[in-house]
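**Student:** Below is a structure I'd like to ask you about.
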Amino acid sequence: MRIIGYNKGSPNDHLLNLKNVMQLTARNILKGTVKHIHLGTVNAEVTLEINPGVEITAMVTKTSAEKLELTQGKEAYAVIKAGHVMIGVD
């Protein structure tokens, strides 16, 4: 996994993954495939398919999406760190 700020193309670029680059306090790291990406002027809406029929969507900056080279079909990770989860009903 490429981390923003890491020099792409270094001799060890292919060895990077989330677990050997840094430790995170986030408990939920979901591996998926980019199913859809919509680039706006400032932000990008990125949808990952975690399993067939299971998707998660995140808003990231357009700059981050470009630096990570996010494209449809690319493997990516959703890293979730949330203090609150809200549920609502009608």
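The values are calculated or read from the model by the stated rules, or taken from the named source; none is laboratory data. Computed from a prediction, not measured in an experiment: that's the story for all the values here. Because the Cβ atoms are built from the backbone with ideal geometry, glycine has one as well, and the counts that use them run over all protein chains shown.
**Student:** I need the full set of residues from the stretch 61-75 which are touching a residue at least 40 places away in the same chain (Cβ under 8 Å), surrounded by 12 or more Cβ atoms within 10 Å (Cβ to Cβ) and outside any helix (DSSP H, G or I), in order please.
**Tutor:** If the condition is that a residue be touching a residue at least 40 places away in the same chain (Cβ under 8 Å), surrounded by 12 or more Cβ atoms within 10 Å (Cβ to Cβ) and outside any helix (DSSP H, G or I), then 68, 74 are the ones that fit.
**Student:** If residue 83 satisfies every condition in (1) surrounded by 10 or more Cβ atoms within 10 Å (Cβ to Cβ); (2) modelled with pLDDT under 95; (3) over 19 Å from residue 31 (Cα atoms) but one, which is the exception?
**Tutor:** It fails just one condition, (1).
**Student:** Could you check the stretch 25-37 and list, in sequence order, the residues that are loosely packed, with under 12 Cβ neighbours inside 10 Å and either at pLDDT 95 or above or of a type in the set (Lys, Arg) (or both)?
**Tutor:** Residue satisfying the conditions is 27 alone.
**Student:** Restrict the check to the stretch 43-60 and report whether at least one residue is modelled with pLDDT of 70 or more, part of a loop (DSSP other than H, G, I, E, B) and more than 11 Å from the chain's Cα centre (by Cα).
**Tutor:** The answer is yes; a qualifying residue exists.
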